[in-house]
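Working notes for the structure below.
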Amino acid sequence: MLAVRIFSIFRRKFRVGYTRCYCTETWWSVPQENIRNFCIVAHVDHGKSTLADRLMELTGCLSSDAENQQVLDQLPVERARGITVKAQTVSMPYTLHGEKYLLNLIDTPGHIDFSYEVSRSLAACQGALLLVDAHEGIQAQTVTNYLLAMDSGLSVIPVINKVDLKNAQVDQVSEQIEELIGHHPVHKVSAKYGEKVANLLPAVISEISCPPGNKDSPLRMLLVDCWYERHRGVVCLFVVLDGNISQGSKLESCHTSKSYTINSMGLLTPQKTPVSILATGQVGYITLGMYDTKEALIGDTFVSPGSNAKPLPGFKPSKPVVFAEIYPIEGLDFAPLKSAVEKLILNDASVHKEACTSSSLGVGWRLGFHGLLHMDIFKQRLEEEYDASVIFTAPAVCYKAKLKNGSEIVVHTPSQFPQKVDMLECLEPMVMATLTFPDQYLGKMIQLCMDYRGQQKDIRYISTSQVIMTVKLPLSEMIVDFFDKLKTVSSGYANLDYEHCGYEVAAVEKVEILINGKPMDAMATITHQDKARSVGKSICQKLRKSIPRQLFEIVIQASINNKIVTRETIKALRKDVTAKCYGGDITRKRKLLERQKEGKKKMKQIGRVNIPKDVFLSLLHRDES
């Protein structure tokens, strides 16, 4: 009874209302033609996770409990922020006209920074539910996800969500969908209340094809996701493309050529449900006794040892666009932080990592992300899931510099930026941004893009009051505060999507920060020459306010091309050495003051400025004048 009571408290605490879903022979071993693999794609906050909850309730994987909200958003950061950052899989049994089906659903993120998660999820599917908010209509990421699904050859089923809202514009949104994908039956549902959600499952079965694999061919499995568990090691999520696999079988990685024995396997329903066989077309987890995170490569093909099966091409490599350096706050925390970073990157394969060193912060890593939100989520997960205390340097983009000797180098950090006398030209990364907003904000949006060196490419109306504007922008301008300004000038109605579109020649400068004449590489930045002075001044002013006063004077300077452009001074703490002199000869006071002056002069020469770690964090979001 005590165990039952503890389980009941645990379930209420985490708001998880799973029903016991037995993987019996009657439903998980359905024929291949009765398997459907599909995902839900949409713009952020259009109701993907809520719709997934209703589908799980309809198939019996989740109890009908009012407390069940976004069950597949299992990460603490997802529940805290109310967004999906990690694609999650659930296998659902379903019976239609007396015939049993196995539906494998993948709930995908909606923010542009996690588009790599969406692309990997599409590789395991044959169809997608394209979800559109009945009030917001088609947004930038809606278009991007639809194009990703079409490029992957998926069947797309359009769904309008939140039709229960008083300000829902169902007819207008239906017209937008027809303009985007052509004439197609559109399902109108309310995921919050479950209205007409039951009609989606028959549509999935009728409009989405079964997996195309061959059960009689040699085994081939694609590794689409993995995560680390303390007692199991690396847990791999596979989609079985050809053949079947059973408990206790051996597998071989085509990438590392290492062999493994299956310790356990099963389906996610959404809890781990063991099975004895994974058949062609199914998506399930497998533990292989793999404890080295470097052995798991997303996109790797696993086959039977000695098989002549050809490996799959895998996924396109992730291309990070924003770089930041990460360091432990204390030197003794390096080993635990290294382990935490490796385990987290195992769960987020889109993060690029390489070792780096800093004269002021020590040994760390240079990480590449898909955007500022991606970087912020990674930092929060490190702190919450692994209790890591870290320092992130200011984000920067990757430049290309053509030197006068004919060579070309890639500049990831300001410390790698070459001297101006050695450089022929510098190229900065550009993005093609798609902005969606009501037409009443058109003038403000055009002015905002001009302020950020944007080049307007196209403006078109997708409805009588909704505008899509395409603008070419420098990526370096976007990573500072462009998104915040976008939301401000549009009263929160504007949405943004962007994609990398190559490099262009730009007039950029490296702004160096010197403290008492010593350059601080972790505080340097690269910016456009028109803003270089203001950026240097802003950093110096922030440092003057953040660095505590010490026993000697601290001089903070910004340098551009070895020329000092701005200076701030932190006055030294001064003890009143004449306080003990009560009257008497003035020469005694002068002697004490001269001795103090000589001491401070010597201390300034040999003293080391103590910079608190939170000073580096204060530079992440700069206010440029």
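The values are calculated or read from the model by the stated rules, or taken from the named source; none is laboratory data. Everything quoted here is computed from the prediction, not taken from an experiment. Glycine gets a Cβ as well: all are built from the backbone with ideal geometry, and neighbour counts include every protein chain shown.
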Which of the residues belonging to region 246-257 are free of Cβ contacts under 8 Å to residues at least 40 places away in the same chain and part of a strand (DSSP E or B)?
S246
For region 419-459, which positions are over 21 Å from A324 (Cβ atoms) and assigned to a loop (DSSP other than H, G, I, E, B)?
Q419, R453, G454
Name the one entry in L403, L361 that is in contact (Cβ under 8 Å) with a residue 24 or more places away in the chain and not β-branched (V, I, T).
L361
How many residues are surrounded by fewer than 21 Cβ atoms within 10 Å (Cβ to Cβ) and under 23 Å from the mean Cα position of the chain (by Cα) when one looks only at region 275-297?
4
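Matching residues to (1) out of contact with any Leu (no Cβ under 7 Å at 6 or more places or on another chain); (2) at pLDDT 85 or above:
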| residue | (1), (2) |
| --- | --- |
| Q456 | yes, yes |
| L473 | yes, yes |
| I479 | no, no |
| C501 | yes, no |
| A507 | yes, yes |
| M523 | no, no |
| V535 | yes, yes |
Kindly evaluate T287 against the criterion of being outside the structural domain of P93 (by TED's automatic domain parsing) and in contact (Cβ under 8 Å) with a residue 60 or more places away in the chain.
no
Residues that are under 23 Å from N145 (Cα atoms), surrounded by 13 or more Cβ atoms within 10 Å (Cβ to Cβ) and free of Cβ contacts under 8 Å to residues at least 60 places away in the same chain, drawn from region 162-179:
V163, A168, Q169, V170, V173, S174, I177, E178
May I ask you to say which residue of L241, L223 is touching a Gly at 6+ places or on another chain (Cβ under 9 Å), hydrophobic (A, V, I, L, M, F, W, C) and over 17 Å from R36 (Cα atoms)?
L223
D376 is checked against (1) surrounded by 15 or more Cβ atoms within 10 Å (Cβ to Cβ); (2) touching a residue at least 12 places away in the same chain (Cβ under 8 Å) and fails just one. What number does that condition carry?
(2)
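Do you know which of the residues in region 413-446 that are under 29 Å from S358 (Cβ atoms) and polar (S, T, N, Q) is surrounded by the most Cβ atoms within 10 Å (Cβ to Cβ)?
Start the filter on region 413-446 by keeping residues that are under 29 Å from S358 (Cβ atoms), which leaves 413-431.
If we keep only those that are polar (S, T, N, Q) as well, we get 413, 415-416, 419.
Values: T413: 21, S415: 17, Q416: 16, Q419: 10.
Filtering region 413-446 for residues that are under 29 Å from S358 (Cβ atoms) and polar (S, T, N, Q), the one surrounded by the most Cβ atoms within 10 Å (Cβ to Cβ) comes out as T413.
For region 148-179, name all the residues that are part of a helix (DSSP H, G or I) and either of a type in the set (D, E) or within 12 Å of V132 (Cα to Cα) (or both).
Taking region 148-179 and keeping what is part of a helix (DSSP H, G or I), we get 148-151, 170-179.
Selection gives D151, V170, D171, Q172, V173, S174, E175, Q176, I177, E178, E179.
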